[in-house]
1. With everything on Cα atoms, drop me the angle between helix 98-107 and the longest principal axis of the chain, reported from 0 to 90° to the nearest 10.
2. Can you give the relative contact order of the range 84-135 as a percent, counting alpha carbon pairs under 8 Å and 6+ residues apart?
3. Would you mind checking which residues have amide H under 5 Å from TYR88's amide H? H placed 1.01 Å from N; only 5 or more apart, or other chain.
4. Given the options GLN194, GLN202, GLN121, state which has the largest fluctuation in a GNM of the chain using a 10 Å cut-off (strictly under) for Cα springs.
5. From the P(r) of the range 71-133, could you give the percentage of C-alpha pairs in the tail past 20 Å?
6. Would you calculate the convex hull of the Cα atoms in the range 157-290 and tell me its volume per residue in Å³?
7. Angle check, please: helix 68-80 long axis (alpha carbons) against the longest principal axis of the chain (alpha carbons), in degrees 0 to 90, nearest 10.
8. Based on the Kirkwood radius over alpha-carbon pairs, what value in µm²/s does the Stokes-Einstein equation return for the translational diffusion coefficient of the chain at 20 °C and 1.002 mPa s?
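Bear in mind that the values in this text are calculations on the coordinates, not laboratory data. On a predicted model such as this, the values are computed, not experimentally measured, just so you know. Heads up, the Cβs are rebuilt from the backbone with ideal geometry, glycines too, and the neighbour counts pull from every protein chain shown.
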Amino acid sequence: MSQALFLLNMGGPNSVDEVELFLNNMFADENILVMDRVTRKLVSAIIINKRLEDVKENYGLLGGKSPLLGLTEALIEKLKTKLDMPIYPVMRYVPPFSDTALDKCKKDGVAELILFPMYPQYSSTTTFSSVEDVEARCKILDYHPIIKVIDPYYDDYEYIEASVEKIVEAMEGKDTSKYDLLLSAHGLPVSIIQAGDPYQNQVEANASAIKIYLRERGIKFKNIRLVYQSKVGSSDWLEPNLVDVLRNPHNRSVVIFPLAFTLDNSETVFELDIEHREIVDKIKYDDYIVAKCMNDSDKFVELIVEKVKAI
């Protein structure tokens, strides 16, 4: 049976001109703004009007685009050497959208789609939204492949091993025992968690698994804390907020590992490494390190290959 692999992600603007498209599509998603359609449209307009120019300026500091698509393409090049099937980057809010890949797969007679969420933990705002989008666009195209979705892998041994590899890489030549390790996950409104989203439980299990792995290998940090980043608006979000933790330091030597991202993007490259670095510079931290995401690391490539072959 012919198969194709889709790497699912939210996406990031490929140019400053795409920022408005990205924001419009994200806040039009009923999984992101959980409210009736009319209210969602109003709230979306208010948020975008308030944030558009700032977000454009932020992407200007990143060279005018998100690094996400380029990193995805680099990962795909490595995967192609190990998997004998077409592999597509599929973004939720900006091109390349799923219908581009789906149209090609339909024409090529691909009978089975394997969806690999680039989100380690499951959430209605990420995995569910991306899978739902693929399924909806299949209907529009009158395309009826078998669809298989890779399960969350947040506590898989291989994933934890690949995560710790990036932490150790970031700490090369440093005495880890003098640093706090902040495991930073993307935040969510508490209301989404209260509605039954498993994201928080999976993030906490992910953090716990990393702590155990580090302890078993004798890699000691002064403290290890789970924090949440990227809060938007005034509603209650998951705590503790990374910004609050950085502004009230117990230790002025920290390393941050982006827990909920597999590929570097604006939340890691801009928010963590540029925006939050300004905070710690003002408070005069001794050291502030942001570990890279897995990107196209060999261990992450192997994890994807094993998951795809096993499904």
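1. Around 40 degrees separate the two axes.
2. Value for the range 84-135: 33 percent.
3. Amide H neighbours of TYR88: LEU5, PHE6, LEU7.
4. Of GLN194, GLN202, GLN121, the most mobile in the Gaussian network model is GLN194.
5. Of the Cα pairs, 31 percent sit more than 20 Å apart.
6. Values: hull volume 14.6 nm³, N = 134.
Given the Cα convex hull of the range 157-290, per-residue volume reads 109 Å³.
7. Tilt of helix 68-80: around 70 degrees.
8. Numbers: Rh = 20.3 Å.
Answer, rounded: 105 µm²/s.
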